[in-house]
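The values are calculated or read from the model by the stated rules, or taken from the named source; none is laboratory data. Note that the structure is predicted; figures quoted are calculated from it, not measured. All Cβ positions, even for glycine, are placed from backbone atoms using ideal geometry, and neighbour counts span all protein chains on display.
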């Protein structure tokens with residue numbers, strides 16, 4: 001009985017850890033992607049504006 | 001306190017460290033220090049069998065490029081089906097766990113094709129891609145994508161998905177689609193550069 | 001016939017938008033990239049359906065469900081590929097219309113369409129009897145294998161269009177010239 005509770009606790013902690021890790025990385029990727037693509041599109045826009053006015 | 005964090009959140013701390021390493025490699029000047037010494041490796045790659053075949057037999061190179069695209073189709077299809085299911089967009093009447101587990105196998109197959117053909121292609125044009133920033137960015141995105149898929153996404157989705165926070169699950173799906181799109185898009189741009 | 005195609009290609013090539021698209025570094029590459037990256041949606045979904053029929057992907061999900069649910073994203077992907085493909089042809093019409101690989105690709109696309117029609121017809125007729133089986137019956141599996149094979153060759157031909165091995169100005173092989181529809185005395189690509 002005690003072993004079962006222990007294992008459930010461990011699973012719960014592991015799930016929390018996995019969720020926290022996923023949240024951190026997913027947030028980082030989403031923010032990084034937004035900045036990266038915005039910068040890319042903006043630089044092309046500026047380049048085209050320089051070329052064609 | 002720190003010891004308790006290490007025992008309770010080892011994966012979180014590891015991925016934070018990995019993210020910092022990736023950022024340092026990309027923008028912290030670490031790459032600048034290593035970069036010159038890698039030229040020899042890329043010059044050597046062109047002298048290998050793969051490099052010689054890729055450089056001298058254009059048809060072989062073009063054929064491998066096409067197989068690379070087929071691998072990309074498998075990889076992209078599995079990512080879109082799996083992550084699309086997590087977002088509730090496709091296959092909504094099939095259990096999430098089934099879709100995630102089954103598409104993972106296709107993903108591994110597609111990724112294996114892409115990696116094998118990618119190594120061949122890189123050998124054929126090694127001294128060209130060495131000087132392309134977009135190639136290095138793709139490698140960074142690919143490393144991040146593989147680490148994310150195998151070390152973050154898979155461990156998370158091995159739990160009962162219904163008991164996970166749905167916002168986290170959806171964010172993981174969006175991040176996964178974004179990172180593989182980034183890998184594919186930067187990969188395509190290698191062909192337009194140099 | 002080749003003369004007609006050639007004249008049509010020249011007419012397209014003379015339009016201002018064709019020249020603009022061809023000469024625009026970013027626009028042409030964006031269209032080309034979209035065409036290639038949409039593979040992940042169109043062929044990605046198609047391959048999943050075909051592999052399901054062969055028992056290699058999602059074998060524990062009913063075949064009809066996979067085919068029905070992935071059909072829409074697949075068609076959206078093919079629509080985008082079709083539009084971007086037409087734009088790519090429009091940007092370089094003369095050379096493309098005389099490309100051996102482009103011609104093989106077009107024939108194979110027609111073959112793929114016929115195969116898809118027969119595949120769906122056979123599937124709809126019999127799916128109730130094998131829907132939950134991990135592998136479809138041999139006739140359906142044959143259709144799935146043909147689909148995988150034909151589409152793979154379409155991708156190979158599509159990739160080969162970019163190479164100039166058999167371009168009309170360089171090819172010494174008459175048979176290839178005939179299949180490519182080379183026109184005597186042409187001066188532009």
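Here is a list: B:106, B:100, B:79. Which entry is within 12 Å of chain C (Cβ to nearest Cβ), under 21 Å from residue A:32 (Cβ atoms) and surrounded by 17 or more Cβ atoms within 10 Å (Cβ to Cβ)? Testing whether each residue is within 12 Å of chain C (Cβ to nearest Cβ), under 21 Å from residue A:32 (Cβ atoms) and surrounded by 17 or more Cβ atoms within 10 Å (Cβ to Cβ) leaves just B:79.
Every residue, every condition in (1) modelled with pLDDT under 80; (2) over 22 Å from residue C:115 (Cα atoms), yes or no:
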position: C:137; (1), (2): no, no
position: C:142; (1), (2): no, no
position: C:147; (1), (2): no, no
position: C:153; (1), (2): no, no
position: C:156; (1), (2): no, no
position: C:163; (1), (2): no, yes
position: C:171; (1), (2): yes, yes
position: C:177; (1), (2): no, yes
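Based on this model, can you work out whether residue B:135 counts as closer than 30 Å to residue B:43 by Cβ, out of contact with any strand residue (DSSP E or B) (no Cβ under 6 Å at 6 or more places or on another chain) and crowded, with 18+ Cβ neighbours inside 10 Å? In short, yes. Here is a check on your reading of the model: is residue C:45 under 19 Å from residue C:146 (Cα atoms) and free of Cβ contacts under 8 Å to residues at least 40 places away in the same chain? Judged against the criteria, residue C:45 is a match.
Of the set (1) surrounded by fewer than 21 Cβ atoms within 10 Å (Cβ to Cβ); (2) away from chain B (no Cβ under 13 Å); (3) within 28 Å of residue A:41 (Cα to Cα), all apply to residue C:117 but (3). Among the residues of region C:15-67, those that are more than 8 Å from chain B (Cβ to nearest Cβ) and under 19 Å from residue C:126 (Cβ atoms) comprise C:49, C:50, C:52, C:53, C:54, C:55, C:62, C:63, C:64, C:67. Checked against (1) part of a helix (DSSP H, G or I); (2) surrounded by fewer than 19 Cβ atoms within 10 Å (Cβ to Cβ), residue B:88 passes all but a single condition, namely (1). Does region B:123-171 hold any residues that are free of Cβ contacts under 8 Å to residues at least 24 places away in the same chain and within 29 Å of residue B:56 (Cα to Cα), and which are they? Of everything in region B:123-171, those that are free of Cβ contacts under 8 Å to residues at least 24 places away in the same chain and within 29 Å of residue B:56 (Cα to Cα) turn out to be B:133, B:139.
Among the residues in region A:31-42, are any in a helix (DSSP H, G or I), within 18 Å of residue B:165 (Cα to Cα) and at the interface with chain B (Cβ under 8 Å from one of its Cβ atoms)?
No, that holds for no residue.
Could you tell me whether residue B:167 is within 9 Å of chain A (Cβ to nearest Cβ) and out of contact with any helix residue (DSSP H, G or I) (no Cβ under 8 Å at 6 or more places or on another chain)? The answer is yes for residue B:167. Just one residue in the set C:112, C:168 is part of a helix (DSSP H, G or I) and in contact (Cβ under 8 Å) with a residue 40 or more places away in the chain; that residue is C:112. A residue that is within 12 Å of chain B (Cβ to nearest Cβ), farther than 17 Å from residue B:16 by Cα and either exposed (fewer than 11 other Cβ atoms within 10 Å of the Cβ) or in contact (Cβ under 8 Å) with a residue 24 or more places away in the chain (or both) can be found somewhere in region A:9-24.
Quick one: residue B:128 ticks every box in (1) more than 8 Å from chain A (Cβ to nearest Cβ); (2) within 20 Å of the chain's Cα centre (by Cα); (3) at pLDDT below 95 bar one, so which box is it? Residue B:128 satisfies all of (1) more than 8 Å from chain A (Cβ to nearest Cβ); (2) within 20 Å of the chain's Cα centre (by Cα); (3) at pLDDT below 95 except (2). Selection of region B:5-23 for residues being under 15 Å from residue A:29 (Cα atoms), more than 7 Å from chain A (Cβ to nearest Cβ) and in contact with a helix residue (DSSP H, G or I) (Cβ under 8 Å, 6 or more places away or on another chain) yields B:18, B:22. On the basis of being facing another protein chain (nearest Cβ under 9 Å), assigned to a helix (DSSP H, G or I) and either at pLDDT below 95 or at positive phi (or both), does residue B:173 make the cut? For residue B:173, the condition - facing another protein chain (nearest Cβ under 9 Å), assigned to a helix (DSSP H, G or I) and either at pLDDT below 95 or at positive phi (or both) - is not met. Any residue at all in region C:128-135 that's farther than 12 Å from residue C:53 by Cα and more than 14 Å from chain B (Cβ to nearest Cβ)? Yes, there is a match, as at least one residue in region C:128-135 is farther than 12 Å from residue C:53 by Cα and more than 14 Å from chain B (Cβ to nearest Cβ). Looking across region B:2-19, the residues that are surrounded by 12 or more Cβ atoms within 10 Å (Cβ to Cβ) and at pLDDT 85 or above come down to B:9, B:10, B:11, B:12, B:13, B:14, B:15, B:16, B:18, B:19. Within the option set B:26, B:60, B:73, being farther than 22 Å from residue B:170 by Cα, in contact with a helix residue (DSSP H, G or I) (Cβ under 6 Å, 6 or more places away or on another chain), within 14 Å of chain C (Cβ to nearest Cβ) and surrounded by fewer than 19 Cβ atoms within 10 Å (Cβ to Cβ) holds for one residue only, B:60. Per the listing C:110, C:144, C:116, the residue uniquely under 19 Å from the mean Cα position of the chain (by Cα) and closer than 24 Å to residue C:6 by Cβ is C:110. Would you be able to say whether some residue in region C:72-80 is outside any loop (DSSP other than H, G, I, E, B), out of contact with any helix residue (DSSP H, G or I) (no Cβ under 9 Å at 6 or more places or on another chain), closer than 22 Å to residue C:146 by Cβ and within 12 Å of another protein chain (Cβ to nearest Cβ)? Within region C:72-80, none of the residues are outside any loop (DSSP other than H, G, I, E, B), out of contact with any helix residue (DSSP H, G or I) (no Cβ under 9 Å at 6 or more places or on another chain), closer than 22 Å to residue C:146 by Cβ and within 12 Å of another protein chain (Cβ to nearest Cβ). No other residue among B:147, B:157 is under 20 Å from residue A:29 (Cα atoms), more than 14 Å from chain C (Cβ to nearest Cβ) and modelled with pLDDT of 95 or more apart from B:157.
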